[in-house]
Amino acid sequence: MKEALKRFLPDFAVNHLSAFRQKHTRAWISNPSGSIKPGDAKTTFLMAVGPAFDQRRPDAMAVCRMGYCRAFEEIGIPYVLVDIRELAETARNVPSPFVMYFAGDVTFLPQKDIPYLSTLPSSVWVYPWFEESEKFFNNNGLNPEIWTLSKDVVNKVLGLKPRIGFTATVPSGLNFFNRWEQNGVPIHSLPLACDTALYRPSGDQVPEFDGIELAFVGGYWQSKGVQLDEYLRQFEDQLKVFGYSKWPYRGYSGKLDADLEPALYRQAKVCPVINEPTVKLMKGQINERVFKAFGSGGCAISDDVPAYRELYREEELLVSRDPAHFSKLVRELMNDQDMNQEYRKRGLAATLSRHTYGHRVKELLGAMELRAGISQAKEISDI
């Protein structure tokens, strides 16, 4: 029913229906904290989540947030996942809390809680906000409603007085966020990363993955499908696909247990990394697949997104120029075992040295300390 509505209703109607539904639901949180319990350390990391968050469903946003949570726990800081509407109450009951928000969820934050929450150190994953943004989106065939926060939500975010804002956009795309800077919120580039608690280069062999030439795990929808089809349809007979949404490909094999994903990346000859067209346009929100594939010991190759060069060097990741060039490179990786192994080795080394959530957490804490002088920053670094 939901997919049918998306096909036949205009975007604004689907968005309003979704917002109405979310107002009457709560985030699904099955395990709010990890092995370190709040109170066992001097400070507490609070990950505020909205009604779209579902810990049972490992989509990109859930994987990313859990990556941050586990990375904080690795350095001795307990985390708590909390529905944003219960955030203030939770914060009052844990030691020295600091908060991470996703700006899209701030719409559900009760206005009455903002004065108190504004006293806590926080970071916000923000949306683009720049001069003539609506014109830019319209000129590029994008719906401004999807890409832009309402004035009310912007005011809520500013009311929280975040120490920093951040985006998964690479540094060259930060111009799409300059209005935040103009309104007193310093913006940092914190791309997605590898959660090393899940994606590792060693593990059990899964017999059903033996012999897979190309493997892809992810969703298929209209805007993304344009790019997926250009690059992957030519390899439909060799491609094994897993995802929550059904693909119009012969190799679609349904959902994949998250525990098996690293083995799939590791055992497949090649792991294509394909982005939505907006990633090239706005130099950002590069998807997490490249980090997961490399972190699992796989061989990744990307579509035509030059922004990858701000993350990986030429000898670490192959970035194709177009679908034809992609085809040529994929065939080389499938046929040249030495070349394939070199890119696996270099991509893994680059990921583990620069692109784990441990790295992102250190950058985040450093930026918050530098910009805001968090009172407990010294204690955090000492844990």
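The values are calculated or read from the model by the stated rules, or taken from the named source; none is laboratory data. The structure displayed is predicted, hence computed values, not measured ones. Cβ sites come from the backbone with ideal geometry, for glycine too, and all protein chains shown count toward neighbours. When the accessible area is computed, the model is the full protein with side chains, heavy atoms only, and any ligands, DNA or RNA have been set aside. Shrake-Rupley method; radii C 1.70, N 1.55, O 1.52, S 1.80 Å.
Close contacts from segment 171-191, counting a first residue that is under 14 Å from L364 (Cβ atoms) and a second that is surrounded by fewer than 21 Cβ atoms within 10 Å (Cβ to Cβ), with Cβ to Cβ under 6 Å and a gap of 6+ residues or different chains, come to P186/R371; I187/L174; I187/E181; H188/A367; S189/P171; P191/A168. Of the numbered criteria (1) over 20 Å from E276 (Cβ atoms); (2) among the hydrophobic types (A, V, I, L, M, F, W, C); (3) more than 20 Å from the chain's Cα centre (by Cα), the one L142 fails is (1). Every condition in (1) within 18 Å of D259 (Cβ to Cβ); (2) assigned to a strand (DSSP E or B) is met by V63 except one, and the failing one is (2). Quick check on my filter: what residues within segment 149-185 are part of a loop (DSSP other than H, G, I, E, B) and open to solvent by 20 Å² or more (accessible area, probe 1.4 Å)? Answer for segment 149-185, where residues must be part of a loop (DSSP other than H, G, I, E, B) and open to solvent by 20 Å² or more (accessible area, probe 1.4 Å): L149, S150, K161, R163, N183, G184.
One residue stands out in segment 48-62 among those that are of a type in the set (A, V, I, L, M) and out of contact with any strand residue (DSSP E or B) (no Cβ under 8 Å at 6 or more places or on another chain): the one that is most open to solvent (accessible area, probe 1.4 Å), namely A52.
Considering segment 99-127, the residues that are in a strand (DSSP E or B) and of a type outside the set (A, V, I, L, M, F, W, C) include one that is nearest to S150 (Cα to Cα), namely Y101. Quick check on segment 76-96: of everything there that is of a type in the set (D, E) and open to solvent by 10 Å² or more (accessible area, probe 1.4 Å), which residue is nearest to A258 (Cα to Cα)? Here the answer is E86. On inspection, E73 qualifies as open to solvent by less than 40 Å² (accessible area, probe 1.4 Å), in a helix (DSSP H, G or I), of a type in the set (D, E) and at pLDDT 95 or above. The set of residues in segment 97-148 being touching a Pro at 6+ places or on another chain (Cβ under 8 Å) and exposed (fewer than 13 other Cβ atoms within 10 Å of the Cβ) consists of E134, N138.
The sole residue among V305, V226 that is touching a helix residue (DSSP H, G or I) at 6+ places or on another chain (Cβ under 7 Å), surrounded by fewer than 18 Cβ atoms within 10 Å (Cβ to Cβ) and of a type outside the set (K, R) is V226.
Between S353, S327, S381, S375, the distinction of being more than 24 Å from P201 (Cβ to Cβ), of a type in the set (S, T, Y) and at pLDDT 95 or above belongs to S327 only.
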